[in-house]
Amino acid sequence: MERLLLGVVAVGLAIALVVLARLVWQAGQARAQQRAAFFDDCATLLTNPRTGASSAGFPRLGGTWRGHAVDLQAVSDTLTFRKLPALWVLLTLPDPLPVRATLNLMIRPTGVEPFSRFHLLPDQISPPPGFPADCAIRTDDPDGLLPDAVLRPHLTLFDDERIKELVISPKGLRFTFLAEEADRGRYLIFRDAEVGQMPLAADRIAPLLDRLTALRADIIAATSKDTA
């Protein structure tokens, strides 16, 4: 009788493990599908949208917007000392620019931003008057930077606390912004760091594309005057 009971318990445990494994697999599949759809709404903004692979299961979206090449990339940040796990989006216009230096303006840098090469740039410079008080600026060529007057009209971008970074380089332009943070309650209680379950809305991206293309136009106009 005791042996029979042990057998029944063993079978019950085996069935429970199979069911648990099935539930874990289904949850993983659902999570992968949610992440794969993260840029689906944004793709409606672009001509000839194309999706590729990026980090942590998130897609990478490319295409054309008003004649400009566009690249969208999502980077998850689950470092333990962060207040909450976060999902950052890198919005890039990868068309080359007629500038000599790379400029990286970062709001409140911590030193471990997983989405940026900010700390690899060799020179840190003091922010000019009128720049955000909590920003830091690094470059690879302090003598080759654009005049402050070119950037100053665009700094209202950083009135939005979600905007984290601006990069201007010979390779193009980039904004980095905070798309989402993990749910505080679920993270504190269950350590659930899941982000990116809902697609990023196109109306979050469209205004930033406007700002990037306006900045690009001003940079080209300023450099054209210098070479005229």
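At-a-glance table
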| item | result |
| --- | --- |
| Pairs, first without any contact (Cβ under 8 Å) to a residue 12 or more places away in the chain in the stretch 146-172, second among the basic types (Lys, Arg) and exposed (fewer than 15 other Cβ atoms within 10 Å of the Cβ), C-beta under 9 Å, six or more apart | none |
| Selection count where residues are under 25 Å from PRO207 (Cβ atoms), among the β-branched types (Val, Ile, Thr) and open to solvent by 30 Å² or more (accessible area, probe 1.4 Å), scope the stretch 93-150 | 0 |
| Any hit, the stretch 74-85, residues being modelled with pLDDT of 80 or more, touching a strand residue (DSSP E or B) at 6+ places or on another chain (Cβ under 6 Å) and assigned to a loop (DSSP other than H, G, I, E, B) | no |
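The values are calculated or read from the model by the stated rules, or taken from the named source; none is laboratory data. Predicted model, so just to flag it, every value in this text is computed and none were measured. Backbone-built Cβ (ideal geometry, glycine too); neighbour counts: all protein chains shown. For accessibility, only protein heavy atoms count, side chains too; no ligands or nucleic acids. Shrake-Rupley method; radii C 1.70, N 1.55, O 1.52, S 1.80 Å.
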